[in-house]
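Shown next, in structure tokens, is the structure this report addresses.
The values are calculated or read from the model by the stated rules, or taken from the named source; none is laboratory data. Please read all numbers here as calculations on a predicted model, not as lab measurements. As a convention, Cβ positions derive from the backbone with ideal geometry for all residues, glycine included, and neighbour counts pool all protein chains shown.
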Amino acid sequence: MESKIIKGLSEEKYHSQEGEKTPLFSYSTAKTILQKSPYHAYLQHPLLGGQGDFKSSKAMDTGNLLHKLLLGEGADIEVIDADNFRGKDAREQRDNAYEVGKIPVLKKEYDEYLKVLDVIKEEIRKICPEFFLPHESELSVKWEMPGGIKVQSRFDWISPESALMIDLKTTTDASPEKVQRKIIDMGYDMQDSLYTQSANTVWPELAGRWKFLFIFLEVAPPYSVSVVELDSSFKWMGEQKINRAAEKWLDGLNNENWPGYGRFMLEAPQWAVKKEMEKQEEI
């Protein structure tokens, strides 16, 4: 498989893998394999189990809206003039927006984000001026790993001229402690690893020079921003996880082996054991 750079690929076509003969591996697939099971990844993949359709959530809509406002790319926005989505007309407008791939948003919420958009941009400019360099947004690439695994990745923000990738994340709390926990819980170290591999392969003349930054943006006042680069320990973990997920993926494709959770023995966590020991000492 030749490495491909694909501009203008819609999010729907990217996720559906329309036209592909072989299922493509991705960060989201790797995360599902390790955080759930290969069977879950099989079921969710559009070219395998085909049960990957999911309903949007408020958090996802907010994230997509801010991506659109800050990056200028992504699904179109459908502004709905209603107090909430509980009324029949508002629900129908929202559902119709989803049907045609738009982001539904209440007018009062949309107006609020427009009011603070310049404030958010200025905060980003202070701590991450690179965000305003010339770049491509929502750029998709397809490539092949050693061992024949075909992969796709989609960059929020990428600049080959600067050897820089930036991914925008929305969150309720962008403090360092919470961001560290979120990176682990969401497997963002795996995203860093796979996207860096993607960039190294698609732009081999820049291999080893790429920098990956996460911008975490709070979705409520004061809309604080954290810009994060993962250290070598995080990058090592991400690489090991991607390698494990890729091995399980390849086993599934080659041997039709998609195990679920299976049977196992659970070890009591140390905090629970300590708590019980303290209770015993009180007796």
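Give Pro46, Pro23, Pro38 a once-over and let me know the one that is over 23 Å from Phe214 (Cα atoms), touching a Phe, Trp or Tyr at 6+ places or on another chain (Cβ under 8 Å) and modelled with pLDDT of 90 or more. Please lay out each step first, then the result.
Working: Pro46 fails: touching a Phe, Trp or Tyr at 6+ places or on another chain (Cβ under 8 Å); Pro23 fails: touching a Phe, Trp or Tyr at 6+ places or on another chain (Cβ under 8 Å).
On inspection, the qualifying residue turns out to be Pro38.
Can you confirm whether Leu230 is modelled with pLDDT of 95 or more and not in a helix (DSSP H, G or I)? In short, yes. The C-beta contact set for segment 1-17 (first residue at pLDDT 90 or above, second residue surrounded by 14 or more Cβ atoms within 10 Å (Cβ to Cβ) and in a strand (DSSP E or B), distance under 6 angstrom, 6+ apart or interchain) comprises Ser3/Trp143; Lys4/Lys142; Ile5/Val141; Ile6/Ser140; Leu9/Ser140; Tyr14/Ser140; Tyr14/Arg154.
Could you list, in sequence order, the residues of segment 178-188 that are under 11 Å from the mean Cα position of the chain (by Cα), part of a helix (DSSP H, G or I) and not β-branched (Val, Ile, Thr)?
Here is the first cut: in segment 178-188, the ones under 11 Å from the mean Cα position of the chain (by Cα) are 183, 186-188.
Okay, now just the ones that are also part of a helix (DSSP H, G or I), so 183, 186, 188.
Hits for segment 178-188 are Met186, Tyr188.
Of Gln35, Gln93, Gln51, all but one fail to be out of contact with any helix residue (DSSP H, G or I) (no Cβ under 9 Å at 6 or more places or on another chain) and surrounded by 12 or more Cβ atoms within 10 Å (Cβ to Cβ); the exception is Gln93. Residues in segment 114-154 that are surrounded by fewer than 17 Cβ atoms within 10 Å (Cβ to Cβ), free of Cβ contacts under 8 Å to residues at least 60 places away in the same chain and either part of a helix (DSSP H, G or I) or within 23 Å of the chain's Cα centre (by Cα) (or both): Leu114, Lys115, Leu117, Asp118, Lys121, Glu122, Arg125, Lys126, Pro129, Phe132, Leu133, Pro134.
Within segment 184-211, residues that are at positive phi and modelled with pLDDT of 95 or more sit with their Cβ atoms under 9 Å from residues that are in a helix (DSSP H, G or I) and among the aliphatic types (A, V, I, L, M), at 6+ positions apart or across chains, in these pairs: Gly187/Ala30; Gly187/Leu34. For segment 197-209, taking the residues that are touching a helix residue (DSSP H, G or I) at 6+ places or on another chain (Cβ under 8 Å) and closer than 17 Å to Glu229 by Cα, the one that is surrounded by the most Cβ atoms within 10 Å (Cβ to Cβ) is identified as Ala199. Annotation: of all residues in segment 167-196 being within 28 Å of Pro23 (Cβ to Cβ) and of a type in the set (A, V, I, L, M, F, W, C), the one that is surrounded by the fewest Cβ atoms within 10 Å (Cβ to Cβ) is Ile184.
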